[in-house]
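Remarks on the structure that follows.
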Amino acid sequence: MEYARSHVKRYWGFAYRRALGISLITFAIAMATGVAFSSMLGAGGNTGFTSTIIFWGFLILITAAVLVANFVKAHTSCVKFLTNEEHRHHSRHMGIWMAALILGALAFLAPMLYFGSAVEPLVLLFSFGGVFWVLYLSVLMLFRHSYNEIAVGAIALWAVFFIGVMNISGTSAAVNPAYVLFISTIALIIVCGFTGIMMVSISSNEFLSEFENSASKRGSTRRKRR
């Protein structure tokens, strides 16, 4: 965000880090709730296909609503501090960012639909790790903010993916896809939840530090006037 003033740039970084963190936490909670619900149905000997679809659909709607609400709030809170010139540049950058996220997400999520082998459930980790990389690199290149927590999450997802692939390839026994899917889902929940918590925590610390610096400057200015 070289086109924006320094305090606006800092606020953008704080607002979007917080929005991303809350979204990841919500996603992790929704995934964990869905897995727990599906597991309880399976343990009770009830397939409950219709109930499962309805329940997962409800979770997806809630997650999507929270994600949209957070990003709309972050965007509107940042835009009100921009000048007309800054807003013009910012709109162009946001458009490029949205396009990059959508195209990148489609590119990495596509293998989940066509990949067919014993490691297919692990592709879930590869796809989401790729989405994390797209998110991290696009923010870094377009807005000059480095959300290192996202990069760490991407590395963790890809590490579990490659370890899982090597373990499956090195065994001659039949692999249960349901078990691999369960492990992949648990790994995704843990990484997303931990990454989201770290982002919210860091954004809160940044906001507190910014407030303390502002209060200190105001106190210093008042003392000088006296």
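Set the Förster distance to 45 Å, then compute FRET efficiency between F37 and A110 from the Cβ-Cβ distance, nearest 0.05.
0.95
Residue separation times 0.36 nm, minus the C-alpha to C-alpha distance between T83 and I190: what's the value?
34.5 nm
Leaving out ligands, DNA and RNA, and with a 1.4 Å probe, what % of the accessible surface on the range 92-155 is carbon or sulfur?
Here carbon and sulfur together make up 79 percent of the probe-accessible area.
At 0.36 nm per residue, and after removing the present C-alpha to C-alpha distance, how many nm does the segment from N176 to R144 gain when stretched out fully?
Extending this stretch completely gives an extra 7.1 nm.
Any idea of H90's accessible area? Nearest 10 Å², probe 1.4 Å.
Looks like 0 Å² after rounding.
The values are calculated or read from the model by the stated rules, or taken from the named source; none is laboratory data. Everything quoted here is computed from the prediction, not taken from an experiment. Because the Cβ atoms are built from the backbone with ideal geometry, glycine has one as well, and the counts that use them run over all protein chains shown. Accessible surface is based on the protein model in full, side chains and every heavy atom, while ligands, DNA and RNA are left aside. Shrake-Rupley method; radii C 1.70, N 1.55, O 1.52, S 1.80 Å.
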